[in-house]
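What follows is a structure written as structure tokens; I'll ask about it next.
The values are calculated or read from the model by the stated rules, or taken from the named source; none is laboratory data. Because the structure is a prediction, the values reported are computed rather than measured. Methodologically, a virtual Cβ is constructed for each residue, glycine included, from the backbone with ideal geometry; neighbour enumeration extends over all protein chains shown. To get the accessible areas, we keep the full protein, side chains included, count just its heavy atoms, and leave off ligands, DNA and RNA. Shrake-Rupley method; radii C 1.70, N 1.55, O 1.52, S 1.80 Å.
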Amino acid sequence: MGKLNSYYSKLPEEDRILVSHILDMIDICERSYQPKFTFFLDERQSVLAEKVMIEQKYDNYKLFGGYDNASRKILAVFPPYYDNEQYPITALSIKYRETDKLTHRDFLGVFMARQIKRNMLGDIIVGKGLTTVFVYNTVKDMLVSEINKIGSVGVKITETDNVDVQVEQSFIEKNGTVSSMRLDSIVSVASGLSRDKSASLIKGGNVIVMYNVVEAPAHQLREGDIFSVRGSGKYVLSSVNGKTKKDRIHITIKKYN
């Protein structure tokens, strides 16, 4: 991988495969003058993909998930001076009675039961009586024609051009105190685990900070940092609120709901 070796050789195999795929996309795109696309990437993979594109000094690309501020996105690599930005993504509108309560897990479960891989699915925006899901074009027809129920709830799926999606993120707030801004201390407050167990999780590669795996328990977090703990959830260090009389630090953590 040329200049990428020093950093990327240490990544997990799945990430190294993604990096190699992106480099191949760039090469094929330049030689064939045809745009190339990944499947949907999660937030961590999107950060990695952008890092690769920046280091390769390749400017004509975009990370896009069907609407502004999408969490799951595809990487589109366009040939130089190519300005026809079309993406292999379709927005599907899923309508049902407002009195029927469906969750993100309900929709994802039905899609996965149809052997649709997670990387073919973008964001699933659940609302009252209307859910919007972004999918790869290759699976849209099957979803529209085959799914008329989510659990016991009747649904109607159609393609839509209305992608003015408003996402209202909800949180569960938790306050606590820590002796320092070490990652293991803050993971302990967030997860309710002991500091030793939190440190073991971190060392095992089970904690992601700002979309990168961090394996150092002593890593220092800052206000606004987003972190995920495998088996526990996704959090943001919302605020640092001064110190107690015993010199401990007041923090507020918000868990993504």
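Please determine whether any residue of region 92-114 is open to solvent by less than 40 Å² (accessible area, probe 1.4 Å), among the hydroxyl-bearing types (Ser, Thr, Tyr), touching a Phe, Trp or Tyr at 6+ places or on another chain (Cβ under 8 Å) and within 24 Å of Thr160 (Cβ to Cβ).
So far as region 92-114 goes, no, none of its residues is open to solvent by less than 40 Å² (accessible area, probe 1.4 Å), among the hydroxyl-bearing types (Ser, Thr, Tyr), touching a Phe, Trp or Tyr at 6+ places or on another chain (Cβ under 8 Å) and within 24 Å of Thr160 (Cβ to Cβ).
Does Arg105 satisfy the criteria of being closer than 30 Å to Val153 by Cα, without any contact (Cβ under 8 Å) to a residue 12 or more places away in the chain and not in a strand (DSSP E or B)? It would help to see each step written out before you state the result.
On the way: closer than 30 Å to Val153 by Cα: yes; without any contact (Cβ under 8 Å) to a residue 12 or more places away in the chain: yes; not in a strand (DSSP E or B): yes.
The answer is yes for Arg105.
Inspect all residues belonging to region 25-46 and state whether any of them is modelled with pLDDT under 90, over 19 Å from Tyr82 (Cβ atoms), assigned to a helix (DSSP H, G or I) and not charged (D, E, K, R).
Residues of region 25-46 that are modelled with pLDDT under 90, as a first pass: 43-44.
Of the ones still in play, those that are also over 19 Å from Tyr82 (Cβ atoms) are 43-44.
Narrowing the set further to residues that are assigned to a helix (DSSP H, G or I) leaves 43-44.
Now narrow it down to the ones that are not charged (D, E, K, R): none.
No.
Test each condition in (1) within 23 Å of the chain's Cα centre (by Cα); (2) without any contact (Cβ under 8 Å) to a residue 60 or more places away in the chain; (3) surrounded by 14 or more Cβ atoms within 10 Å (Cβ to Cβ) for Gly204 and report the one that comes out false.
(3)
Can you tell me which residue among Arg72, Arg44 is over 25 Å from Glu159 (Cβ atoms), touching a residue at least 60 places away in the same chain (Cβ under 8 Å) and either surrounded by fewer than 17 Cβ atoms within 10 Å (Cβ to Cβ) or not aromatic (Phe, Trp, Tyr) (or both)? Outline the logic, then answer.
Working: Arg72 fails: over 25 Å from Glu159 (Cβ atoms).
Sole residue among the options that is over 25 Å from Glu159 (Cβ atoms), touching a residue at least 60 places away in the same chain (Cβ under 8 Å) and either surrounded by fewer than 17 Cβ atoms within 10 Å (Cβ to Cβ) or not aromatic (Phe, Trp, Tyr) (or both): Arg44.
Kindly indicate which of Pro79, Pro12 is over 25 Å from Lys140 (Cα atoms), open to solvent by less than 60 Å² (accessible area, probe 1.4 Å) and modelled with pLDDT under 95.
Working: Pro12 fails: open to solvent by less than 60 Å² (accessible area, probe 1.4 Å).
On inspection, the qualifying residue turns out to be Pro79.
Just checking, does region 125-146 include any residue being under 25 Å from the mean Cα position of the chain (by Cα) and under 30 Å from Lys243 (Cβ atoms)?
No; the residues of region 125-146 include none that is under 25 Å from the mean Cα position of the chain (by Cα) and under 30 Å from Lys243 (Cβ atoms).
Considering only region 237-257, how many residues are open to solvent by 20 Å² or more (accessible area, probe 1.4 Å) and within 27 Å of Arg72 (Cβ to Cβ)?
5
Checking the structure you have, find out if any residue of region 171-186 is touching a Phe, Trp or Tyr at 6+ places or on another chain (Cβ under 8 Å) and closer than 21 Å to Arg105 by Cα. Explain how you work it out, then say what you get.
Applying the first criterion (touching a Phe, Trp or Tyr at 6+ places or on another chain (Cβ under 8 Å)) to region 171-186 yields 171, 183, 186.
Those left that are additionally closer than 21 Å to Arg105 by Cα: 171.
Yes, region 171-186 has at least one match.
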